[in-house]
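Student: I have a structure here, written as structure tokens, and I will follow up with some questions on it.
The values are calculated or read from the model by the stated rules, or taken from the named source; none is laboratory data. What you see is a predicted model, and the numbers here were worked out from it, not measured in a lab. Note: ideal-geometry Cβ built from the backbone for every residue, glycine included; neighbour counts use all protein chains shown.
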Amino acid sequence: NAGVMQNPRHLVRRRGQEARLRCSPMKGHSHVYWYRQLPEEGLKFMVYLQKENIIDESGMPKERFSAEFPKEGPSILRIQQVVRGDSAAYFCASSPLSRGGELFFGEGSRLTVL
Amino acid sequence: ELKVEQNPLFLSMQEGKNYTIYCNYSTTSDRLYWYRQDPGKSLESLFVLLSNGAVKQEGRLMASLDTKARLSTLHITAAVHDLSATYFCAVDIMYSGGGADGLTFGKGTHLIIQP
């Protein structure tokens with residue numbers, strides 16, 4: 001059973017470009033979470049999605065950031081018009097349960113904005 | 001807003017010694033997680049603590065939870081170099097009654113174990 005798969009593992013963008021990060025949850029998991037980790041910091045919750053639904057996006061910046069989890073295919077975190085402050089590691093986690101289930105993390109996508 | 005504080009944030013210790021990492025949180029919750037992260041890697045789940053007084057042990061690591069004190073500890077016994085990593089505690093907001101989703105993480109404890 002493959003774990004949570006994220007790609008790309010590393011992404012370099014120039015200011016103003018778009019970044020798209022993908023996450024395929026573990027088989028059988030329909031709940032996906034995105035977290036952001038700044039250097040020397042813990043992970044910060046961004047958004048929680050189920051298939052075709054955004055359940056909680058209270059941790060997402062109001063502008064430039066969006067997330068989706070379509071019926072088919074991976075979950076995507078999209079950052080438009082990136083700025084240097086967006087440089088971070090973005091982790092996806094999946095869970096088989098809607099509440100209180102253990103989260104299984106992917107290896108992260110490290111975004112560097114030049 | 002739920003706050004999760006770990007201390008110490010940096011710890012350098014010698015092999016064979018014992019030490020404890022502390023995790024305090026600011027509001028009621030009865031579900032707490034400990035994770036390990038190696039540099040450039042993902043988070044590995046170590047322990048899930050589900051109730052007051054819960055104690056779990058795996059090898060040289062032991063975690064406990066006191067929900068009344070809002071405190072969890074991660075104790076390292078007779079440390080070995082392989083345990084060098086960053087350790088995070090995380091609290092489940094939903095179980096704090098706040099109604100939100102997602103875990104709130106501490107800043108992590110960078111642990112270096114020297115031979």
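Student: What number of residues within the range A:27-45 are part of a strand (DSSP E or B) and closer than 17 Å to A:Phe104 by Cβ?
Tutor: 8
Student: Oh, and also: Can you tell me which of A:Gly73, A:Gly85 is exposed (fewer than 14 other Cβ atoms within 10 Å of the Cβ), within 24 Å of B:Ala90 (Cβ to Cβ) and either at pLDDT 95 or above or away from every other protein chain (no Cβ under 14 Å) (or both)?
Tutor: A:Gly85
Student: In addition: Among the residues of the range A:47-105, which ones are of a type in the set (S, T, N, Q), outside any loop (DSSP other than H, G, I, E, B) and touching a strand residue (DSSP E or B) at 6+ places or on another chain (Cβ under 9 Å)?
Tutor: Hits for the range A:47-105 are A:Gln50, A:Ser66, A:Ser75, A:Ser94, A:Ser95.
Student: Which one of B:Met62, B:Met13 is in a strand (DSSP E or B) and free of Cβ contacts under 8 Å to residues at least 40 places away in the same chain?
Tutor: So the residue among B:Met62, B:Met13 that is in a strand (DSSP E or B) and free of Cβ contacts under 8 Å to residues at least 40 places away in the same chain is B:Met62.
Student: Output the qualifying pairs, or none if there are none: Cβ atoms under 8 angstrom, residues six or more apart or on different chains, first residue in the range A:14-33 and polar (S, T, N, Q), second residue in a strand (DSSP E or B).
Tutor: These pairs meet every condition: A:Ser24/A:Met5; A:Ser24/A:Gln6; A:Ser24/A:Ser75; A:Ser30/A:Gln50.
Student: Out of A:Arg78, A:Arg36, which single residue is within 12 Å of the chain's Cα centre (by Cα), within 14 Å of chain B (Cβ to nearest Cβ) and of a type in the set (D, E, K, R)?
Tutor: That would be A:Arg36, the only listed residue that is within 12 Å of the chain's Cα centre (by Cα), within 14 Å of chain B (Cβ to nearest Cβ) and of a type in the set (D, E, K, R).
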